Amino acid sequence: AQTVTQSQPEMSVQEAETVTLSCTYDTSENNYYLFWYKQPPSRQMILVIRQEAYKQQNATENRFSVNFQKAAKSFSLKISDSQLGDTAMYFCAFMKPGTASKLTFGTGTRLQVTL
Amino acid sequence: DSGVTQTPKHLITATGQRVTLRCSPRSGDLSVYWYQQSLDQGLQFLIHYYNGEERAKGNILERFSAQQFPDLHSELNLSSLELGDSALYFCASSVATGLHYEQYFGPGTRLTVT
């Protein structure tokens with residue numbers, strides 16, 4: 001079974017600064033997907049970014065980018081130019097593609113963006 | 001707005017009762033997933049349906065059941081409710097073909113069991 005670990009329960013960053021959230025995972029699979037989801041106070045789960053394990057290039061979506069280290073089983077999220085609207089819980093998630101492609105989530109990191 | 005709808009938004013009921021949560025996936029999505037988010041268990045996968053067929057079960061209690069109808073909407077039935085069933089229940093949908101594996105979440109149903 002796959003496990004996802006987020007070792008930072010809470011983080012804080014000032015507006016316009018850069019912050020990196022950590023995620024490690026354990027799997028014996030070679031083909032899989034990794035995701036970061038954001039959950040703001042509204043509780044909505046919002047997909048932030050996706051990374052396919054077979055791709056060496058790190059995914060980027062505007063101010064969000066990942067550092068995917070397959071050998072180290074590490075998948076960190078970097079948020080550049082942090083904005084107050086980035087305040088949320090961030091969940092790292094693992095998926096093995098196939099007919100039963102469930103998401104396995106980490107415990108989340110609460111990010112507070114301050115003025 | 002993800003395009004996934006869930007009703008009701010909030011539900012308050014008593015122990016021992018039965019409730020039904022409803023989910024409509026995004027247009028074109030064949031897969032529906034149910035997740036439970038609670039303070040002590042975090043986000044946990046419950047069950048997955050694809051085009052009307054059950055594909056996988058996670059940590060779903062025997063008191064819980066689900067189905068996906070021909071129009072692809074899904075219902076999660078929770079019975080003999082206990083205080084510990086209080087949680088946020090999410091439905092997510094995906095196309096689940098080819099490389100499109102992203103799951104898009106609905107706004108959730110907050111269930112409070114008193």
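Bear in mind these aren't lab numbers, they're just calculated from the coordinates by the rules spelled out. Model, not experiment: these values are computed from the prediction. Positions of Cβ are backbone-derived with ideal geometry, glycine not excepted, and every protein chain shown enters the neighbour counts.
Quick one: net charge of residue A:23's neighbours, Cβ under 12 Å, K/R +1, D/E -1?
+1
In nm, to one decimal, how far is the modelled label at residue A:18 from the one at residue A:46, with both set 7 Å along Cα→Cβ?
Between residue A:18 and residue A:46, the simple spin-label model gives 2.2 nm.
Give me the Kirkwood hydrodynamic radius of region A:1-64 in Å, from all C-alpha pairs, to one decimal place?
Mean inverse Cα-Cα distance, inverted, gives 14.0 Å.
For the pair residue A:11/residue B:112, report the inter-label distance in nm, with labels modelled 7 Å from Cα in the Cβ direction.
3.3
Quick one: grab Rg to one decimal and Dmax as a whole number for the protein assembly as shown, Cα atoms only, in Å.
Cα only, the protein assembly as shown: 17.6, 52 Å (Rg, Dmax).
List, in the order given, every pair from A:55/A:96; A:70/A:96; A:78/A:102; A:38/A:70; A:55/B:57 whose Cα-Cα distance in the structure shown is over 18 Å.
Beyond 18 Å between Cα atoms: A:78/A:102; A:38/A:70; A:55/B:57.
Less than 20 Å apart at the alpha-carbon level, and either on another chain or at least 8 residues along: which aspartates and glutamates does that give for residue A:73?
Result set, ordered by chain and number: A:26, A:29, A:52.
Seen from all sides and averaged, what is the projected area of the convex hull of the Cα atoms in region A:36-102, in nm²?
That works out to 5.3 nm², a quarter of the Cα hull's surface.
At what distance in angstrom do the alpha carbon centres of region A:67-115 and region A:2-61 lie from each other?
Measuring centre to centre over Cα atoms gives 2 Å.
With a cap of 15 neighbouring Cβ atoms within 10 Å, and only residues DSSP puts in a loop, list the chymotrypsin sites (Phe, Trp or Tyr not before Pro) found in region A:15-59.
Loop-located and lightly packed - A:54.
Quick one: Debye curve from the C-alpha atoms of chain A, no solvent, what's log10 I(q)/I(0) at q = 0.10, 0.11, 0.14, 0.20 Å⁻¹?
At q = 0.10, 0.11, 0.14, 0.20 Å⁻¹ the computed log10 ratios are -0.27, -0.33, -0.53, -1.05.
log₁₀ I(q)/I(0) of chain B at q = 0.19, 0.21, 0.24 Å⁻¹, via Debye over equal Cα point scatterers, no solvent, to two decimals?
Result of the Debye calculation: -0.93, -1.13, -1.43.
Looking only at B:56, B:87, B:66, which one moves most when chain B is put into a Gaussian network model with springs between Cα atoms under 10 Å?
Taking springs between Cα atoms under 10 Å, the residue moving most is B:56.
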